[in-house]
Amino acid sequence: MTAVDLACAIPNNVGLAEKPGLRKSLEWFDVEFRKWWFDCGPAGVRDSEAYLRTPVGVDAGGWAQYGFVPLSQYRWGVFQAPAKPGRVALFGAIAGQPVWHALPAEHRDYIRKLLITQGDTEPGSVEQSRHLALTAPSLYDLRNLLQFSVEEGRHLWAMVHLLLDHFGDAGRGDAEALLARRSGSAGNPRILDAFNNPLQDWLSYFIWCFLADRDGKYQLLSVSESAFDPLARSTQFMLTEEAHHMFIGEDGLRRVIQRTIDLMREYDTDDVAPYGGINLATMQRFLNFWAPRIYDLFGSDESARAADAFFAGIKSRVHESNYDEHVRLEGMVTVERCAPGGGEYAAVQVPMQDALNGVMRQAYLHEVTMLMSRWNKLLARAGIAVELRLPSQRFNRRFGVYADRRFSPEGDPVDEATFETRRGEWLPTAADRAHLRAVQQPVRAPGTLAGWLVPPARGINNMPALDFEYVRF
Ligand SMILES: [Fe+2]
Ligand SMILES: [Fe+2]
């Protein structure tokens, strides 16, 4: 097991003890980061302690230990997956050549931008969700939110570590800017649009973790086999933490759906709102709201930049090592294009190298659809003839070939008047939001749970699911 230096003020396994310059830069960042955490971290729990997992190693088994940590004294640290001696580049024009430990000059701009863009999402998601600590449905859920928040913080640390280590003063300026931008700010927003939408309710938070953290997984996977070895190893470690974030979303939504099913059967009605539940139609509208924001994160299906990054050996397909061929990108991919002048959309076959973003987006959709089919099986087994669905790729997009055109959630073109008439059917209404506010009252006593979801099947680290004080105020 690769040991972590826990004695250092900044826990790490990147050899900070032998790198005084980098260590000093990270100590500067620690001070600045804590100011940001104080202002933008989870609200109302600043002086609490929570039952959190903390990395103590970086190997697949036994990398974390659990215990109570005062949030004000949390130590984020810098962790990378262990180096693989003799590792060679897997893909692109440099396949088979030794990987880079220092950054080639010709790729500096691209990688710097990649680190900044990835880094910016991490504090963005903490800022988006910071008020949810005040309305958590149980101590278990609050603890998960806090775990999520500290880990997103650590992912920012990972990107800042690479910026400081490889980009000197410029990297320090980038780190400052990462702490200065704010989710939803008019003057200095987060870079990617999705991260500027506040998560005002727990239903949105669960959908966010289910969809957006899974996008995060795909983005991280695409550089986890990069020829830039420090980036590959940093993202490999980040992925170990990301799994729990996706679990929060997937299992959270399952618990909400199960509660709704129980209430629908108990009261023999589709409208469980009067009984404190969340209607399936409301859930569908929130899925319709968030999914297009996440689709936008994948960029245009057809992208010359994505091809350049692949051939340079920097960014691959997801699970590149599972493909047979890593150099030429053989094969064709189906994408949709709009006829010039804004006419009809048509499916066209293009060489894979021209549509790598589309390849990633399609793999992502396949995974999400498969996971959602489990919820639909729960509904079918309960005799409920409703399915939860992802909206069409065309629906309500802000970027790409579908932006500025109106479609139904099924993907049929509609005019503006129709869209506005049916908006309340397709997207969250003021009544939906008011209902969520009304039912999502904080529940903070051990052994208790809000009425709009069922308990988790098991607790954290073999502790009781509900009857345990995961957070001490
Ligand atoms: Fe993250
Ligand atoms: Fe995450």
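No lab work stands behind these numbers, since they all come straight from the coordinates. These figures come from a predicted structure and were not determined experimentally. Every residue, glycine as well, gets a Cβ built from its backbone with ideal geometry; the counts of neighbours run over all protein chains shown.
Starting from the 7 Å offset along Cα-to-Cβ, what nm value, one decimal, do you get for the label separation of ALA95 and VAL327?
0.7
For q values of 0.06, 0.15 Å⁻¹, compute log₁₀ I(q)/I(0) with the Debye formula on a Cα-only model of segment 84-472, without solvent.
For the requested q values the scattering log ratios are -0.26, -1.44.
Spin-label point model (7 Å from Cα, Cβ direction): what's the LEU388 to ALA105 distance in nm?
Placing both labels 7 Å along Cα→Cβ, they lie 5.3 nm apart.
At 0.36 nm per residue, and after removing the present C-alpha to C-alpha distance, how many nm does the segment from GLU367 to ALA417 gain when stretched out fully?
Between GLU367 and ALA417, full extension yields an extra 14.6 nm.
Quick one: longest stretch of the chain between exposed loop GluC sites (Glu not before Pro), exposed meaning at most 12 other C-beta atoms within 10 Å and loop per DSSP?
No qualifying site falls inside 1-324, the longest such stretch.
Can you pull the semi-axes for segment 108-241, root of five times each eigenvalue of the Cα gyration tensor, sorted largest first, whole Å?
26, 17, 12
Starting from the Cα gyration tensor of segment 1-54, take the square roots of the eigenvalues, sort them a ≥ b ≥ c, and report rounded, prolate or oblate (rounded when a/c is under 1.5, otherwise prolate if a/b is larger than b/c, else oblate).
oblate
Between ASP270 and ASP169, what length comes free when the chain is fully extended (0.36 nm per residue of separation minus the Cα-Cα distance, one decimal in nm)?
Once the chain is fully extended between ASP270 and ASP169, it gains 30.5 nm.
Which FRET efficiency value, to the nearest 0.05, is calculated for ASP262 and ALA430 with the Förster distance at 22 angstrom and r the Cβ-Cβ distance?
E(calc), rounded to 0.05, equals 0.25.
Can you compute the modelled spin-label distance between ALA177 and PHE247, with each label point 7 Å from Cα toward Cβ, in nm?
Spacing of the two 7 Å Cα→Cβ label points: 3.6 nm.
Per residue of segment 100-107, what does 6.51 cos²θ - 1.76 cosθ + 1.60 with θ = phi - 60° give for ³J(HN,Hα)? Whole Hz please, x for Gly and Pro, Karplus curve as stated.
8, 9, 10, 8, x, 4, 6, 10
Okay, helix-only estimate at 222 nm for the chain: each DSSP H run of n ≥ 4 adds -39500 (n - 2.57), divide by all residues, round to 500 deg cm²/dmol; what do you get?
Result for the chain, helices only: -16000 deg cm²/dmol.
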